[in-house]
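Asker: Have a look at this one before I ask anything.
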Amino acid sequence: MALTLGLLMVRWFNRRAGVNDEQKRPEGRDLTDLLAHNVRWAEGKRENDPDYFKRLSALQRPEYLWIGCSDSRVPANVITGLEPGEVFVHRNVANLVHRGDINLLSVLEFAVETLEVRHIIVCGHYGCGGVQSAMDGHRHGIIDHWLQPVRDVAESAKDHLEEIADPEDRMNRLCELSIEAQVESLRRTPIIKSAWQRGKEIYIHGWVYGLEDGLLRDLQCDAAP
Ligand code: CO
């Protein structure tokens, strides 16, 4: 009953917003489907655990901060099996840690000082379009400036990368090296240094995700207090 009422409400809101069934894309889903799915999801959660949302809305205490690529195929919660409330997430193109990025630094400080996360995971992925764009020699626009750290990593590992004959393998190795460099950048931030000096147990990890097999690999480049 509640589910039907929820769906009717979604339809009513959509009609007001000018979305109707005729506007559906033939090959895909539209906003009505997303909102209808949301109603079913929320109902399901409440059925299993009536206090689920009450509890979550009162407190978030995630143990992990995830710094990942914006790529839609690498969603932190889905691939790690974590529920809402269990991972604090920051994503940008090519999962980069720019030292002057006020957005990332605000997320990092809040995660470290207020949420008191224990693990920070920098997760990149093979076949990263950001990493490829950084290296293809074409002009893309403002993103070229954003991706400069990737070219810096490629430059300092030039000899090593040139030894890899297969272009795809070479690019994937650069994805790994870039992740390791971001772990290093995080380690050097005043936020992390000061947290470690005060005895906070925070561990930084570098992971890479395979789009082709859905698996995460630990790059074994941890930074610890
Ligand atoms: Co990517």
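Asker: Would you mind telling me which residue in Arg170, Arg139, Arg91 has the biggest mean-square fluctuation in a Gaussian network model of the chain, where springs connect alpha carbons within a distance under 10 angstrom?
Answerer: Taking springs between Cα atoms under 10 Å, the residue moving most is Arg139.
Asker: Whose amide H sits under 5 Å from the amide H of Val89, counting only residues 5 or more places off or on another chain, with H placed in the peptide plane?
Answerer: Close amide H contacts, sequence-distant or interchain: Trp66.
Asker: Still on this structure, I have one more. If you take all C-alpha pairs in the range 182-225, what percent of them are over 16 Å apart?
Answerer: Beyond 16 Å sits 44 percent of the P(r) for the range 182-225.
Asker: Residue by residue, what Karplus-based ³J(HN,Hα) values in Hz, rounded to whole numbers, does the range 117-122 have, using 6.51, -1.76 and 1.60 with θ = phi - 60° and x for Gly and Pro?
Answerer: Result, ordered by residue: 5, 9, 10, 10, 10, 8 Hz.
Asker: Also: I need the calculated FRET efficiency for the pair Lys158 and Arg40, taking r as the beta carbon distance and R₀ as 35 Å, to the nearest 0.05.
Answerer: 0.10
Asker: With a 1.4 Å probe and every protein chain left in place, tell me how much accessible area Ile143 has, in Å² to the nearest 10.
Answerer: Taking all protein chains as shown, Ile143 has close to 50 Å².
Asker: Over the chain, one equal point on each Cα, no solvent: what is log10 I(q)/I(0) by the Debye formula at q = 0.16, 0.18 Å⁻¹?
Answerer: Here log10 of I(q) over I(0) equals -1.12, -1.25.
Asker: Suppose every K and R has +1 on its Cβ and every D and E has -1 on its Cβ; what is the size of the dipole of the chain about the Cα centre, in Debye to the nearest 20?
Answerer: Using Cβ point charges on Lys, Arg, Asp and Glu, the chain gives about 1060 debye.
Asker: Next question. Could you go through the range 136-142 in sequence order and give the Karplus-derived ³J(HN,Hα) for each residue, using 6.51 cos²θ - 1.76 cosθ + 1.60 with θ = phi - 60°, rounded to whole Hz, and x for Gly and Pro?
Answerer: For the range 136-142, the Karplus-derived couplings read 7, x, 9, 8, 10, x, 4 Hz, x marking Gly and Pro.
Asker: How charged is the neighbourhood of Ala76? Take every other residue with its Cβ under 15 Å from the Cβ of Ala76, and add Lys/Arg as +1 and Asp/Glu as -1.
Answerer: Spelling it out: positives minus negatives among the neighbours equals -2.
Asker: Have a look at Ser72, Leu104, Ile121 and report the one farthest towards the positive end of the charge dipole of the chain, computed about the Cα centre with Cβ charges (Lys/Arg +1, Asp/Glu -1).
Answerer: Leu104
Asker: Taking 0.36 nm per residue of sequence separation and subtracting the Cα-Cα distance, how much length would be gained by fully extending the chain between Asp166 and Arg73, in nm to one decimal?
Answerer: Value of the extension gain: 31.1 nm.
Asker: I want to verify a result. In a Gaussian network model of the chain, Cα cutoff 10 Å, which of these has the top mean-square fluctuation: Arg29, Arg99, Arg61?
Answerer: With Cα springs under 10 Å in the chain, the top fluctuation among Arg29, Arg99, Arg61 is at Arg29.
Asker: What is the ratio of the Cα radius of gyration of the range 40-85 to 2.2 N^0.38 Å, with N the residue count, to two decimals?
Answerer: The reported ratio for this selection is 1.37.
Asker: Starting from the range 70-119, pick out the GluC sites (Glu not before Pro) whose DSSP state is loop and whose Cβ has at most 14 other Cβ atoms within 10 Å.
Answerer: Here the sparse-neighbourhood loop sites are Glu116.
Asker: Which order do Val93, Val150, Val78 take by accessible area at a 1.4 Å probe, largest first?
Answerer: The ordering from most to least exposed comes out as Val78, Val93, Val150.
Asker: In square nanometres, what is the average projected area of the Cα convex hull of the range 60-120?
Answerer: 4.1
The values are calculated or read from the model by the stated rules, or taken from the named source; none is laboratory data. Owing to the predicted nature of the structure, the values given are computational and were not obtained by experimental measurement. Using ideal geometry, Cβ is built from the backbone for each residue, glycine included, and neighbour counts are taken over all protein chains shown. We work out accessible area using only protein heavy atoms, side chains counted, and drop any ligands, DNA or RNA first. Shrake-Rupley method; radii C 1.70, N 1.55, O 1.52, S 1.80 Å.
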